[in-house]
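Visitor: The structure follows.
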Amino acid sequence: MKAARYYGLQDVRCEEVPKPACGPDDVLIKVSYAGICGSDLHIYNKGMFIQNIPETMGHEFVGVIQEVGAHVTGFAPGEAVIANPMVPCGQCASCRQGSYNTCESLGFIGEVRPGCFGQFIAIGPETLIKVPPEADQRQVALTEPLAVALNICRRANFQPEDRVALIGVGPIGLLTILAAKALYGVQDITAVDLSQVRLELAKQAGASNTCSRLPEQSEFDKVIEAAGQPVTFQTAVEHVKANGFLYVVSIFEKEFTFDINALVAKQATLVGCNVYTRENLEEAVAAISQGKVDVSPIISRIFPLDQCSEAFQLLNSQDKSVAKVLFQP
């Protein structure tokens with residue numbers, strides 16, 4: 001089968017690899033669509049997270065079951081599914097409490113074991129979540145990033161009257177705007193980004209205001225940092241109001257320093273948001289399948305696997321008109 005494989009920094013190749021075998025405890029899935037995540041770009045540029053080289057990348061996907069192992073019950077060929085791609089250790093304090101997204105050594109498929117950037121993937125049934133047969137699989141491919149957004153929304157406990165600033169209008173930022181407005185009724189959302197194209201997407205997603213730079217002295221009840229740059233984090237600190245909340249979802253590639261006294265003086269609460277829970281994934285499948293959230297405007301391009309190098313180069317370029325890129329194996 002074809003697969004997009006990581007060979008080193010900015011070196012992703014499409015090549016033929018053996019089709020995975022369906023063991024007695026596995027489910028073999030034909031991948032319909034798979035999405036390139038921001039963390040895939042961290043792998044591409046910095047080699048972060050990856051444990052094996054070469055490795056089949058990718059952890060966001062939707063597909064159709066082709067075969068079930070002899071020990072598997074509850075699933076059948078022809079059913080559409082997504083998977084929880086997290087690979088927790090199962091032994092640390094967080095895992096023992098069921099908080100798998102805060103596992104001390106959390107990994108993902110595509111990083112610590114073969115991922116979904118291939119025509120087929122074999123995976124355990126305990127990770128799978130069924131998708132309604134009538135659902136648009138192209139949109140369902142965004143279940144995993146929408147689950148990230150839903151985790152942000154839950155941790156923020158959004159209320160309709162909140163004044164929210166969202167800094168960084170990439171796919172996670174756009175999905176957070178969509179979810180905050182459609183599912184939580186938030187009306188006052190200011191989106192901040194340097195790309196005018198992405199700000200237009202933010203308007204389509206439901207942002208009430210957009211800007212490339214927040215006005216001086218403007219303050220917000222809740223600020224979401226989704227850009228992952230020292231300057232954007234500092235901007236978030238400056239614009240959260242006294243007794244407000246700052247939510248950080250980004251992965252920062254470099255260490256940096258900031259003035260903690262600014263947060264102390266404001267008595268602001270700094271909150272980390274790390275990926276999602278299985279409940280978030282289930283909620284995301286339902287929201288997309290039931291039409292509560294329309295993620296289609298965020299899908300910019302769809303590539304075949306043999307153009308994986310071009311897809312990564314596009315996302316890594318200065319062209320910020322592209323939001324979400326999918327593979328269609």
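Visitor: Identify, from the list VAL72, VAL62, the residue that is at negative phi, part of a strand (DSSP E or B) and touching a residue at least 24 places away in the same chain (Cβ under 8 Å).
Guide: VAL62
Visitor: Look through region 14-40, keep the residues that are farther than 27 Å from LEU146 by Cβ and small (Gly, Ala, Ser), and return whichever of them is surrounded by the most Cβ atoms within 10 Å (Cβ to Cβ).
Guide: GLY23
Visitor: Specify which of the listed residues (VAL325, VAL293) is surrounded by 15 or more Cβ atoms within 10 Å (Cβ to Cβ) and assigned to a strand (DSSP E or B). Talk me through it step by step, then tell me what you get.
Guide: Details: VAL293 fails: assigned to a strand (DSSP E or B).
One residue alone meets the criteria, VAL325.
Visitor: Quick one: how many residues across region 277-329 are farther than 17 Å from ALA135 by Cβ, acidic (Asp, Glu) and either in contact with a helix residue (DSSP H, G or I) (Cβ under 6 Å, 6 or more places away or on another chain) or outside the structural domain of VAL81 (by TED's automatic domain parsing) (or both)?
Guide: 1
Visitor: Can I ask one more? What's the total number of residues in region 102-147 that are assigned to a helix (DSSP H, G or I) and touching a helix residue (DSSP H, G or I) at 6+ places or on another chain (Cβ under 8 Å)?
Guide: 9
Visitor: Of the conditions (1) closer than 30 Å to ALA242 by Cβ; (2) without any contact (Cβ under 8 Å) to a residue 40 or more places away in the chain, ALA156 fails just one. Which one is it?
Guide: Condition not satisfied by ALA156: (2).
Visitor: Step by step: first the residues of region 41-84, then only those that are within 24 Å of GLU16 (Cα to Cα) and acidic (Asp, Glu), then the one that is surrounded by the most Cβ atoms within 10 Å (Cβ to Cβ). Which residue is that?
Guide: This residue is GLU60.
Visitor: Evaluate the following for ILE251: is it modelled with pLDDT under 95, surrounded by fewer than 17 Cβ atoms within 10 Å (Cβ to Cβ) and either assigned by TED's automatic domain parsing to the domain that holds PHE61 or assigned to a loop (DSSP other than H, G, I, E, B) (or both)?
Guide: Considered against the rule, which asks whether it is modelled with pLDDT under 95, surrounded by fewer than 17 Cβ atoms within 10 Å (Cβ to Cβ) and either assigned by TED's automatic domain parsing to the domain that holds PHE61 or assigned to a loop (DSSP other than H, G, I, E, B) (or both), ILE251 comes out as yes.
Visitor: A follow-up question, please. Among the basic types (Lys, Arg), farther than 20 Å from ILE224 by Cβ and either touching a residue at least 60 places away in the same chain (Cβ under 8 Å) or part of a loop (DSSP other than H, G, I, E, B) (or both): does that describe LYS320?
Guide: So LYS320 fails the test.
Visitor: Please count how many residues of region 194-239 are within 11 Å of LEU166 (Cα to Cα), in contact (Cβ under 8 Å) with a residue 60 or more places away in the chain and not in a helix (DSSP H, G or I).
Guide: 4
The values are calculated or read from the model by the stated rules, or taken from the named source; none is laboratory data. From a predicted model like this one, the values you see are computed outputs, not experimental measurements. A quick note on method: Cβ atoms are made from the backbone with ideal geometry, for glycine too, and the neighbour counts reach across all protein chains shown.
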